[in-house]
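Engineer: Before I ask anything, let me first share the structure, which is written out below as structure tokens.
The values are calculated or read from the model by the stated rules, or taken from the named source; none is laboratory data. None of the values given here were measured: they were computed from a predicted structure. Quick reminder, even Gly has a Cβ in these numbers, built from the backbone with ideal geometry, and neighbours come from all protein chains shown.
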DNA sequence: AAGCTGACGAATG
DNA sequence: ACATTCGCCAGCT
């Protein structure tokens, strides 16, 4: 079951469109795992770099990048996300503007598989 | 097996 | 926008 959750989370993350971001909690919700935002973080930490998962499109619910400002990881995420046209101001992203709000019917269909 | 930890969240100043 | 506090929860040790 747990491995099922893992792949469900990865799959959900893979659906975040370029130029948009989602929060950890949002991914958990969509993956059918409400209340498990931290689990998303954990699995994302352990993701296989081989499959280029758009992990950089996941941030905190307030738009903050989860890594400490100035850290290598934060810088990398910053570059990746900005290369997709998303603006970042000292570790923060404007959620009003960039939050992914998937079409419900579409996302339900895509999550089914 | 009982804590500990953390790529979190919401609410408050 | 930033810091604190508290709640949360699964994986790790």
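Engineer: Quick one: count up the residues across segment A:25-62 that are closer than 17 Å to residue A:100 by Cα, in a loop (DSSP other than H, G, I, E, B) and near DNA strand B (Cβ under 9 Å from one of its atoms).
Structural biologist: 4
Engineer: Tell me, please, whether a residue that is in contact with a strand residue (DSSP E or B) (Cβ under 6 Å, 6 or more places away or on another chain), surrounded by 13 or more Cβ atoms within 10 Å (Cβ to Cβ) and assigned to a loop (DSSP other than H, G, I, E, B) can be found in segment A:94-106. Break it down stepwise before answering.
Structural biologist: Just the residues of segment A:94-106 that are in contact with a strand residue (DSSP E or B) (Cβ under 6 Å, 6 or more places away or on another chain), to begin with: A:98, A:100.
Imposing the further condition that a residue be surrounded by 13 or more Cβ atoms within 10 Å (Cβ to Cβ) reduces the set to A:98, A:100.
So of that shortlist, the ones also assigned to a loop (DSSP other than H, G, I, E, B) come out as A:100.
Taking every residue of segment A:94-106 in turn, at least one turns out to be in contact with a strand residue (DSSP E or B) (Cβ under 6 Å, 6 or more places away or on another chain), surrounded by 13 or more Cβ atoms within 10 Å (Cβ to Cβ) and assigned to a loop (DSSP other than H, G, I, E, B).
Engineer: What pairs come out if I take residues in segment A:36-65 that are closer than 18 Å to residue A:81 by Cα and pair them with residues that are assigned to a strand (DSSP E or B) and at pLDDT below 95 whose C-beta lies under 7 Å away, six or more apart or interchain?
Structural biologist: none
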